[in-house]
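Engineer: Below is the structure I would like to discuss, written out as structure tokens.
The values are calculated or read from the model by the stated rules, or taken from the named source; none is laboratory data. Worth saying up front: this structure is predicted, and the values here are computed from it rather than measured. Reconstructed Cβ throughout: ideal geometry from the backbone, glycine too, with neighbour counts over all protein chains shown.
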Amino acid sequence: MKILITEEQIRAKVSKMARTISEKYRNRELLVLIVLKGAFVFAADLLRKLDGVDVRCDFIKASSYGLSTESSGMVKIELIPSLEIGGKDVLIVDDILDTGLTISEIKKWVEEKGARSCEVCVFLDKPERRKVPFEADYVGFKIPNHFVVGYGMDCGEKHRHYPFVAVLE
């Protein structure tokens, strides 16, 4: 394993992202929709740093990977949120924007549920892997095409607990 992004770099970036999101949604209600499982660590750190925002959070689970390191290309929504989405400002928080297939399907699903607005916040972006045109509204780090683990991201349900992001070699 080779460390790609340190714990210190993550802390600084998450704080910066939280300030930007807080400025936009200050004194407003925001439904944060956390994509499981990979985004839970990032989302927890981000939510704790939001200031002046009336936050509600819920979870969604969608997958195109299974236990593999390659996307199957088929997106399956496995868990839907329990909170009402219609009429809400929604921020989808995900760990990594890779092919764009999963996050574009989740955003489409949220919009179909009648959200007032829907933005996407991702911790990592791998633009060279995109299979569908998609850009996140908030991006932590753009990275090259490496399979990464740590900070909530896994390989076969392993390595989520690392406080850094590493390239799995």
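Engineer: Kindly provide the set of residues from region 129-153 that are basic (Lys, Arg) and either buried (at least 19 other Cβ atoms within 10 Å of the Cβ) or in contact (Cβ under 8 Å) with a residue 40 or more places away in the chain (or both), ordered by number.
Structural biologist: To start, the set of residues in region 129-153 that are basic (Lys, Arg) comprises 129-131, 142.
Result: LYS131, single match.
Condition check ((1) among the polar types (S, T, N, Q); (2) over 14 Å from GLY38 (Cβ atoms); (3) modelled with pLDDT of 95 or more; (4) in a strand (DSSP E or B)) across all residues:
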residue	(1), (2), (3), (4)
GLU111	no, yes, yes, no
GLY114	no, yes, yes, no
CYS118	no, yes, yes, yes
PHE134	no, yes, yes, no
GLY140	no, no, yes, yes
HIS146	no, yes, no, no
VAL149	no, no, yes, yes
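Engineer: So which residues in region 26-65 are among the charged types (D, E, K, R), under 18 Å from ARG116 (Cβ atoms) and in contact with a strand residue (DSSP E or B) (Cβ under 7 Å, 6 or more places away or on another chain), if there are any at all? Even if it seems obvious, please write down each step before you answer.
Structural biologist: Of region 26-65, the ones among the charged types (D, E, K, R) are 26, 28-29, 37, 45, 48-49, 51, 54, 56, 58, 61.
Those still in the list that are under 18 Å from ARG116 (Cβ atoms) too: 26, 28-29, 54, 56, 58.
Correct list: ARG28, GLU29, ASP54, ARG56, ASP58.
Engineer: So in region 105-128, with the set limited to residues that are of a type in the set (Lys, Arg) and crowded, with 17+ Cβ neighbours inside 10 Å, which one is farthest from GLU23 (Cα to Cα)?
Structural biologist: Ranking the candidates gives LYS126 first.
Engineer: Let me ask something else about it. From the list ILE34, ILE10, ILE60, which one is buried (at least 16 other Cβ atoms within 10 Å of the Cβ), in contact with a Cys (Cβ under 7 Å, 6 or more places away or on another chain) and either modelled with pLDDT under 95 or closer than 28 Å to ASN145 by Cβ (or both)? It would help to see each step written out before you state the result.
Structural biologist: Numbers: ILE10 fails: in contact with a Cys (Cβ under 7 Å, 6 or more places away or on another chain); ILE60 fails: in contact with a Cys (Cβ under 7 Å, 6 or more places away or on another chain).
When all the criteria are applied, what remains is ILE34.
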